[in-house]
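Inspection log for the structure reproduced underneath, given as structure tokens.
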Amino acid sequence: MKKTNILWISLNAPAQKSDKAGGNTFNYYFRHFYNDDRFRVKVIAQINNNLPLMNLYDGDAYYLKREGGLRSKLRKLSSIESKYNPWNRNANLISNQMESFVIQKILQLKDEGFVPDVVILEWTQCVVLAGIVRKYFPDAYMVASEHDVTFVGYKRMAEYFSGLRRLLWKFKYTRERKVELNALKECNLILPQNWDNRRLLIQEGIAEKKIQWLVPYFNDMRGCRRSPDGKDILFFGAMARPENYLSAIWFMDNVMPLLEDMDIRFVVLGSNPPAELKKYESERVYITGFVDSITPFFENSVCLVAPLVLGAGIKVKILEALSSGIPVLTNDIGIEGIAAEHGKEYIHCNTPLDYERAIREVFSDATVGDKLAKNAKRFIEKNYSIEKSLADYKERLLRTGEQK
């Protein structure tokens, strides 16, 4: 049986596990393609962290590693332009060093006789290389595994900040949007993980037939045994990320004062909280830092709030929360790309008063939470089968010859 040759170009090397949602999604799909005898997979990637790498056969992985010495320092110098030049050809998304490494390894693969039927570009940072890769492999079926449409997040940064920072982000948004859309037009298949991104790309002129929704990897928490303590309101996320800690601060500044008459505690769950966040700690605010297991917090808290002020794309933490059965209160950004229904699977809140009313309702009437939990778990089970998403992905790549 002839195998389908895949060249996977990724921002990060495939790891056994990741501390980020996007990394876990990439690792899941890569592992299942790599271990499928119908495919022959080679990967070009960079190593950005100390996570344990996936075990691959010799000759299948080409990694840009962090190294010391003069040669490494000279290579890093070559990336200054790609980091600071606002008119950089790749919109500052990927370093010149990584771009050169990709070209070098493509030439090596060609010399070795490896011709990919499919090239998968993982994350927008690699998608922007589509035009370059196309020059070397003009007949390859090009896949853009977008995760999130990046310019959406840039636009929200411009809307969130003011003054000079707003002007800077507006320029970055305009530039990045042009580069990203031009790269996507070079691709045969585009894989957003956000249903709203799919609609956006169609509005931006991308052919609908080129877009296939990909289910992201998430921890299915349907095994949670809910036993709320009657006091805790949960916020969950990686606290080093501005979109998380700024959102938690927004809730403490705008919603907590409206709940002063209630015996509640705001639990901020996530690793690496910055000093800007930690200064809010009090009897009514518990900032956990790193914990060994998040499950007890989902089991014991009365509800989860996600009043996100920044960010783009599907929020894996919302999928996980819905699967756990905890009542979810979130806004437009939090529910983006998730076709859950307000009042049925979650409660939609935008203003501080929206959150106050919803919290009082959930705290005073347990049947509200019970109804949301039942419906949310059914919604996740019906719509977010990663196994089906994987099967559809494989089938489409096996039919590449018909789709170029």
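Summary table below
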| quantity | calculated |
| --- | --- |
| Selection from G237, F363, C187, by position along the positive dipole direction of the chain (Cβ) | C187 |
| Amide hydrogen neighbours beyond the local backbone of Y286, cut-off 5 Å, H modeled | F266, V267, V268 |
| Mean-position separation - Cα centroids, the range 328-377 and the range 188-261, in angstrom | 13 Å |
| Highest to lowest packing among 181-188, 251-258, scored as the average C-beta count within 10 Å | 181-188, 251-258 |
| Point-charge dipole on Cβ atoms (K/R +1, D/E -1) for the range 205-294, about Cα centre, debye to 20 | 460 debye |
| Amide H partners (placed H, <5 Å) of C303, local residues excluded | L234 |
| I347 - accessible surface, heavy atoms, 1.4 Å probe, Å² rounded to 10 | 20 Å² |
| Total charge dipole magnitude, the chain, about the Cα centre, Cβ charges on Lys, Arg, Asp, Glu only, Debye to nearest 20 | 1440 debye |
| Gyration tensor (Cα) of the chain, equivalent ellipsoid semi-axes in angstrom | 39, 24, 20 |
| Dipole magnitude of the range 140-281, debye to nearest 20 (Cβ charges: Lys/Arg +1, Asp/Glu -1, about Cα centre) | 560 debye |
| Which of Y355, Y280, Y286, Y34 is most accessible, then next, and so on - probe 1.4 Å | Y286, Y280, Y34, Y355 |
| Over 20 Å (Cα to Cα) - which of K3/K110; K105/K185; K317/K394; K42/K110 fall in this group | K105/K185; K317/K394 |
| Proximal lysines to K83, defined as alpha-carbon separation beneath 20 angstrom and excluding residues fewer than eight positions away on the same chain | K65, K73, K155, K170, K172, K178 |
| Accessible-area composition of the range 295-379, carbon plus sulfur, in percent [1.4 Å probe] | 52 percent |
| Estimated vicinal HN-Hα couplings, Hz - the range 170-184 in sequence order (Karplus 6.51, -1.76, 1.60; Gly, Pro = x) | 5, 5, 4, 4, 4, 5, 5, 4, 4, 5, 5, 5, 4, 5, 4 |
| The chain: most fluctuating residue of I120, I335, I80 per GNM, C-alpha cutoff 10 Å | I80 |
| Whole-Hz couplings from phi, Karplus 6.51/-1.76/1.60, listed for the range 234-241; x for Gly and Pro | 9, 10, 9, x, 6, 6, 6, 8 |
| Heavy atoms of T174: accessible area, 1.4 Å probe, square angstrom to 10 | 80 Å² |
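The values are calculated or read from the model by the stated rules, or taken from the named source; none is laboratory data. Worth saying up front: this structure is predicted, and the values here are computed from it rather than measured. Cβ sites come from the backbone with ideal geometry, for glycine too, and all protein chains shown count toward neighbours. Just so you know, the surface numbers come from the protein's heavy atoms only, side chains and all, with ligands and any DNA or RNA stripped out. Shrake-Rupley method; radii C 1.70, N 1.55, O 1.52, S 1.80 Å.
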